[in-house]
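The values are calculated or read from the model by the stated rules, or taken from the named source; none is laboratory data. The structure presented is a predicted model; accordingly, all values stated were derived computationally and were not measured. In this analysis, Cβ positions are derived from the backbone assuming ideal geometry, glycine residues included, and neighbour counts consider all displayed protein chains. Quick note on the areas: whole protein, heavy atoms, side chains included, nothing else; ligands and nucleic acids left out. Shrake-Rupley method; radii C 1.70, N 1.55, O 1.52, S 1.80 Å.
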Amino acid sequence: MKNSIKILLLACFFATVGCKQSSETPTETTESTPTQNVGQEGVKDETSNPNIVQVASGSKDHTTLVAAVKAAELVTSLSNAGPFTVFAPTNAAFDKLPAGTVEGLLKPEKKTDLQNVLGYHTYVGVLKPEYMQDGQEFDMVFGGKVKITKKDEKTFVNGSEILASIETSNGIIHVIGDVLLPK
């Protein structure tokens, strides 16, 4: 009896939804706007959660990282569905590198090297801190591995503490205070 009532209620719901959809009249647009070929990064959406690139672009502490992602032509890749985990060095982390390193990597002829560096900060999948275990290693997009360590309720990646974690529509960003270098 209970199953019959559930089925009847579902049928009524679908009938109501179906009727509403068919009674709506489509609107015509008289203006024609040319379509542009843009990737996922070009989608304007005020209601969905922002993706990794959008979140990083909104952070005053990640302007160097965003400039590097743009120079490496990885905006589209990191704006796509993912999911991705990005270990995102702060501007201060990039400042710790030897003088001229960042500027050198941002040159067009160093794009491949820059992509490799950024790929070493990117994992395909979502690595939430609460699921990371001491001693775990993960293969990064670049091909190297990062090692997770835990100490006093803190989580570290290759010795760099994860300062904050921000969930995005296509993964998660872990803010770190160092630029990761392959070991």
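Quick notes on this structure:
- Percent carbon-and-sulfur accessible area, region 142-182, ignoring ligands, DNA and RNA, probe 1.4 Å: 49 percent
- Near Ile162, the amide H atoms lying under 5 Å from its own belong to Thr155, Phe156, Val157; only residues 5 or more places off or on other chains count, and H is placed 1.01 Å from N.
- Charge sum, other residues only, whose C-beta stays under 12 Å from Thr155's C-beta, Lys/Arg counted +1 and Asp/Glu -1: 0
- Residues of region 67-91 with amide N under 15 Å of the 7 Å Cα→Cβ point at Ser165: 84-88
- Compared with the direct C-alpha span, the chain from Glu73 to Thr112 gains 13.0 nm at full extension, assuming 0.36 nm per residue.
- Computed with a 1.4 Å probe over protein heavy atoms only, the accessible surface of region 38-163 comes to 57 Å² per residue.
- Taken about its Cα centre, region 44-183 carries a charge dipole of about 240 debye when Lys and Arg each add +1 at the Cβ and Asp and Glu each add -1 at the Cβ.
- Modelled FRET efficiency - R0 25 Å, Asn49 with Tyr131, Cβ distances, 0.05 increments: 0.80
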